[in-house]
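Participant: Have a look at the structure that comes next, please.
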Amino acid sequence: MATILDGKALAKKIKSELKEEVEFLKKKVGRAPGLAVVLIGDDPASEIYVRNKEKTCEEIGINSFGVKKPTDITQDELEKIIDDLNCREDIDGILVQLPLPKHFDAQRIINLILPEKDVDGFHPVNMGKAVLGLFDEGLMPCTPYGVIKIFDAYGVELEGKNAVMVGHSNIVGKPLANMMLNLDATVSICHVYTKDLKSFVKEADILCVATGVPRLIKEDMIKEGAVVVDIGISRVNSKIVGDVDFDKVKGKVSAITPVPGGVGPMTIAMLMYNTVKAFKQREGIF
Ligand code: GUN
C-alpha cells in the first residue's frame with residue numbers, strides 16, 4: 001500500500017507552529033509581520049488564490065494588505081506600487097499574484113521587488129540562492145520548498161536517487177530540480193519538448209510533475225515503488241485532478257501526494273513561513 005503524502009496535515013502543523021511564533025514575535029518586536037498581496041485584474045482563479053492567502057494570514061496573525069487594481073493600470077503605475085511597498089517599514093513581504101495581464105512585463109516587476117521582501121522567492125537573487133543550495137539564507141520559492149518539506153517529513157532520501165522533474169517552469173520545475181540536485185539526487189528535467197517522456201519517467205525513483213496537463217502520467221510509465229509528487233491541478237468535468245492518474249498509479253508506487261490535499265496546501269504554508277522569515281531577517285532576529 002502506498003503511503004499518502006499528506007500535505008494538508010503537514011501544512012496545518014507548520015501553520016500552527018507559525019501562529020505560536022508570530023504571537024511571540026509580536027510581543028518581542030511590537031508589531032506583526034506584514035504581507036502585501038497585489039492582485040491586478042479579475043481572473044477568478046487568482047481571486048480565489050489571493051483570498052486564501054489573506055485568510056491564512058489572518059489565521060496566523062500576519063497583517064495582510066490587499067492591493068487590488070483593475071486590468072488597465074499601466075506598467076509604470078504597477079512599478080510605482082512596488083516601489084512604495086518596498087519602502088514601507090510595516091511590510092515584510094510583497095507578493096504579486098501571477099499571471100499578470102498580458103500587457104505587463106512580469107519579470108521586470110519581479111526584479112523590482114526587494115529580494116528581502118520577495119516572499120514568493122521569484123527574484124533572481126532568491127532563485128540564485130535556491131540554485132546554490134542556500135536554503136537558510138534566501139527566501140526559497142514556496143511550492144518547491146513545500147515539496148522538500150514533504151520529503152523531510154516523510155523521510156524520503158534524495159541522495160543518489162534518480163529524480164525526474166516533469167515541467168520546466170520558472171516557479172516550480174527549474175527551482176525544484178535544482179533543490180533536488182542540492183540534495184544529491186541525479187536529476188533529469190523533462191518538458192513539453194522532451195522526446196519519449198516515458199523513457200525518462202520509467203527511471204524515476206522520485207518523480208515530480210508540474211505540467212498542468214490532467215492525468216499526463218499513467219501507470220505504465222511509472223517505476224514500481226517510486227515516490228510521486230503531483231504539483232498539477234486542473235478541473236475535469238467539475239472534478240479536481242492532478243497531472244498523475246492517481247487512482248491507477250497509487251497501486252504501483254511507495255508514496256504519492258493526492259490532489260487536492262497534497263502540495264497545494266504546502267505552497268500557502270511556505271508563503272507564511274517566508275513572510276515570518278522575512279520579518280525576522282528585517283528585524284535582525286535569527
Ligand atoms: N500563480 C500561481 N502560483 C503562484 C505563486 O506561487 N505565487 C504567485 N505570486 N502567483 C502564482
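The values are calculated or read from the model by the stated rules, or taken from the named source; none is laboratory data. Treat the numbers as computed from the prediction; the structure is a model and nothing was measured. Cβ: placed from backbone, ideal geometry, glycine included. Neighbour counts: every protein chain shown.
Participant: Looking at Met272, is it touching a Leu at 6+ places or on another chain (Cβ under 6 Å), part of a helix (DSSP H, G or I), modelled with pLDDT of 95 or more and on the phi < 0 side of the Ramachandran plot?
Facilitator: The answer is yes for Met272.
Participant: Right, Phe122: within 16 Å of the ligand (Cβ to nearest atom) and aromatic (Phe, Trp, Tyr) or not?
Facilitator: Here the answer is yes, as Phe122 does meet what is asked.
Participant: For the range 234-251, which residues satisfy the criterion of being outside any strand (DSSP E or B), out of contact with any helix residue (DSSP H, G or I) (no Cβ under 6 Å at 6 or more places or on another chain) and not polar (S, T, N, Q)?
Facilitator: Matches in the range 234-251: Gly242, Asp243, Asp245, Phe246, Asp247, Lys250, Gly251.
Participant: On the given criteria, is Ile82 surrounded by 15 or more Cβ atoms within 10 Å (Cβ to Cβ), more than 17 Å from the chain's Cα centre (by Cα) and closer than 22 Å to Leu18 by Cβ?
Facilitator: Spelling it out, it is not the case that Ile82 is surrounded by 15 or more Cβ atoms within 10 Å (Cβ to Cβ), more than 17 Å from the chain's Cα centre (by Cα) and closer than 22 Å to Leu18 by Cβ.
Participant: Go through (1) more than 16 Å from the ligand (Cβ to nearest atom); (2) of a type in the set (D, E, K, R); (3) within 27 Å of Ala45 (Cα to Cα) and name the single condition Asp230 misses.
Facilitator: (1)
Participant: A further question follows. Taking the range 37-58 as the search range and keeping residues that are loosely packed, with under 13 Cβ neighbours inside 10 Å and within 22 Å of Met272 (Cα to Cα), which one is farthest from the ligand (Cβ to nearest atom)?
Facilitator: So, considering only residues that are loosely packed, with under 13 Cβ neighbours inside 10 Å and within 22 Å of Met272 (Cα to Cα), the one farthest from the ligand (Cβ to nearest atom) is Glu58.
Participant: Of all residues in the range 182-214, which are farther than 13 Å from Val164 by Cα and either over 24 Å from the mean Cα position of the chain (by Cα) or in a strand (DSSP E or B) (or both)?
Facilitator: Lys195, Asp196
Participant: Please specify each residue of the range 215-232 satisfying the condition of being touching a Gly at 6+ places or on another chain (Cβ under 6 Å) and part of a loop (DSSP other than H, G, I, E, B).
Facilitator: Answer for the range 215-232, where residues must be touching a Gly at 6+ places or on another chain (Cβ under 6 Å) and part of a loop (DSSP other than H, G, I, E, B): just Gly232.
So that you can scan it fast, the table gives a plain yes or no per residue for (1) buried (at least 16 other Cβ atoms within 10 Å of the Cβ); (2) farther than 27 Å from Pro99 by Cα; (3) touching a residue at least 40 places away in the same chain (Cβ under 8 Å):
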| site | (1), (2), (3) |
| --- | --- |
| Lys198 | no, yes, no |
| Leu216 | yes, no, yes |
| Ile256 | yes, yes, yes |
| Ile268 | yes, no, yes |
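Participant: While we're on this one: Yes or no: the range 12-28 includes at least one residue that is surrounded by 17 or more Cβ atoms within 10 Å (Cβ to Cβ) and not in a helix (DSSP H, G or I).
Facilitator: Within the range 12-28, not a single residue is surrounded by 17 or more Cβ atoms within 10 Å (Cβ to Cβ) and not in a helix (DSSP H, G or I).
Participant: Please identify the pairs in which a residue from the range 75-99 that is at pLDDT 95 or above has its Cβ atom under 6 Å from the Cβ atom of a residue that is within 16 Å of the ligand (Cβ to nearest atom) and acidic (Asp, Glu), counting only partners at least 6 apart or on another chain.
Facilitator: Note: pairs meeting the criteria are Leu95/Asp120.
Participant: How many residues does the range 81-112 contain that are among the charged types (D, E, K, R) and either on the phi > 0 side of the Ramachandran plot or in contact with a strand residue (DSSP E or B) (Cβ under 7 Å, 6 or more places away or on another chain) (or both)?
Facilitator: Looking only at that region, the number is 2.
Participant: Another question about this same structure. Would you tally the residues in the range 79-113 being within 10 Å of the ligand (Cβ to nearest atom) and out of contact with any Ser or Thr (no Cβ under 9 Å at 6 or more places or on another chain)?
Facilitator: 5
Participant: Failed condition for Asn237, given (1) within 16 Å of the ligand (Cβ to nearest atom); (2) more than 30 Å from Lys26 (Cα to Cα); (3) out of contact with any strand residue (DSSP E or B) (no Cβ under 9 Å at 6 or more places or on another chain), with all others met?
Facilitator: Status for Asn237: all satisfied but (1).
Participant: Still on this structure, please answer the following. Working only within the range 248-280, note down all residues that are within 13 Å of the ligand (Cβ to nearest atom) and closer than 20 Å to Ile222 by Cα.
Facilitator: Across the range 248-280, the qualifying residue is only Val263.
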